[in-house]
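Computed from the coordinates by the stated procedures, all read-outs in this text should not be read as laboratory data. These numbers come from a predicted model, not from an experiment. Glycine gets a Cβ as well: all are built from the backbone with ideal geometry, and neighbour counts include every protein chain shown.
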Amino acid sequence: MNIIELIKQPWPWYIAGPLIGLTVPALLILGNKHFGISANLRHACATCFPANIPFFQYDYKKEIWNLFFIVGIFFGGFLTTTFLANPLPVKIHPALAQELATYGITDFSNMVPRQLFNWENLLSLRGILMLAGGGFLVGFGSRYAGGCTSGHAIMGLSDLQWPSLVATCCFMAGGFIMANLFLPFLLG
Amino acid sequence: MDNEIRSQDTICVNESKLEHKWYHNGKYLAVGILFGIVFVKAEVISWFRIQEMFRLQSFHMYGVIGSAIITGMLSVWLIKKYRIKTIYGEPITFTRKKFSKGQVIGGLIFGLGWGLTGACPGPLFAQIGTGAVVVSVVILSAIAGTWVYGRFREKLPH
């Protein structure tokens, strides 16, 4: 097997995790930047719709590096799909496949389930709740918590900040509640 | 004053006195690209992997997040121990995070959204890159959520 074929396979956690962790020192050493992504959503508000809200009155131009960073993430996704895509279907746990099949989700070929993440689905209540409702909760919750998985779970915990541990535990708790209690009801 | 507002409810604020040309930001673009590639190749941005994680059906995501945190911790420890400076020779600084009720309430709200959309803010951008353009609706809604938070911030318990 040549190297390109090997790279095209899904990467195991023990390769991906440390590489993601190395983002923390990379950003610190490149310019004393603290790894965090959800702040970009705030910068978007401060740039486009500040509406005299004190929370959005700051010099967002000082945070422009963060925009470059997420544009990079976008291109990373694009380049991988274009040149390094895994030719095999995504393997998922049989119990999950079985559960999703009962909701009519049978296409596991993409990173997101095509049968839920499409424009037509936005015309249904289920689609609006999942995409628009879910996005709203992510944006509102991450700012209220002062960060998202990158800012709290990775950067905050790397710096041994205990409030970040509280936030991370609550992120996980919310996810467990949604996936096991609400989502089956919403999809079913 | 400006920094005071910027530092509200955020973990990533720093104040560099150095002025750089805009293209210096290219290095953050490069880190972002590498980061995005890892995200997709490890299927961290997969809605299915997130659902497996919250159903305890796979160790994958726990392994990724856990080893990322350990790597980050070791790096930060080394940076502090050897007082490593940035490539511009500036000291690397850390700010202490204050506890607020927001980390509990906001954290739970974020978690609900995470379980629903199967993505936190970083993966959303990578998902669009992979061709799932409809995810832009999720991002716009997340910006709306952030705005509503900012609008009603004073009325919420912190």
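Key figures for this structure:
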{"quantity": "Radius of gyration, Dmax [chain A; alpha carbons; angstrom]", "calculated": "19.0, 59"}
{"quantity": "Directionally averaged projected area (convex hull, Cα atoms, the range B:5-155), nm²", "calculated": "11.3"}
{"quantity": "Candidates per chymotrypsin sites (Phe, Trp or Tyr not before Pro) in the range B:1-102, loop by DSSP, up to 10 other Cβ within 10 Å", "calculated": "B:Tyr82"}
{"quantity": "Set of aspartates and glutamates with alpha-carbon distance to A:Lys61 below 17 Å, sequence-local pairs under 8 removed", "calculated": "B:Asp2, B:Glu4, B:Glu15, B:Glu19"}
{"quantity": "Set of lysines with alpha-carbon distance to B:Lys155 below 16 Å, sequence-local pairs under 8 removed", "calculated": "B:Lys101"}
{"quantity": "Computed lengthening from B:Phe152 to B:Ile70, 0.36 nm per intervening residue step minus Cα-Cα distance", "calculated": "25.9 nm"}
{"quantity": "Longest site-free stretch - chain A; sites: trypsin sites (Lys or Arg not before Pro), DSSP loop, at most 16 other Cβ within 10 Å", "calculated": "A:1-90"}
{"quantity": "Residue range of chain B that is longest and free of GluC sites (Glu not before Pro) which are both DSSP loop and sparsely packed (at most 11 other C-beta within 10 Å)", "calculated": "B:20-158"}
{"quantity": "Percent of Cα pairs exceeding the 18 Å cut-off, where the set is the range A:1-85", "calculated": "59"}
{"quantity": "Rg/Rh for the range A:78-188, where both radii come from Cα atoms and Rh is the Kirkwood radius", "calculated": "1.02"}
{"quantity": "Reachable aspartates and glutamates, given that their alpha-carbon falls under 16 Å from the alpha-carbon of A:Lys91 and they are not under 8 places away in the same chain", "calculated": "A:Glu99, A:Asp107, B:Glu43, B:Glu52"}
{"quantity": "C-alpha center-to-center spacing [the range B:90-139, the range A:144-188] in angstrom", "calculated": "9"}
{"quantity": "Over 24 Å between alpha carbons, listed pairs A:Lys33/B:Lys98; A:Lys8/A:Lys33; A:Lys62/B:Lys21; A:Lys62/B:Lys85", "calculated": "A:Lys8/A:Lys33"}
{"quantity": "Cβ charges +1 (Lys, Arg) and -1 (Asp, Glu), total dipole of the protein assembly as shown, debye", "calculated": "640"}
{"quantity": "All-pairs alpha carbon distance profile, the protein assembly as shown, 10 Å steps from 0, percent", "calculated": "6, 27, 37, 23, 7, 1"}
{"quantity": "Fraction in percent of alpha-carbon pairs per bin - 5 Å, the range B:51-107", "calculated": "4, 14, 12, 14, 18, 17, 12, 7, 3, 0"}
{"quantity": "Size of electric dipole in the range A:1-85: Cβ of Lys, Arg +1 and of Asp, Glu -1, about Cα centre, debye, nearest 20", "calculated": "120"}
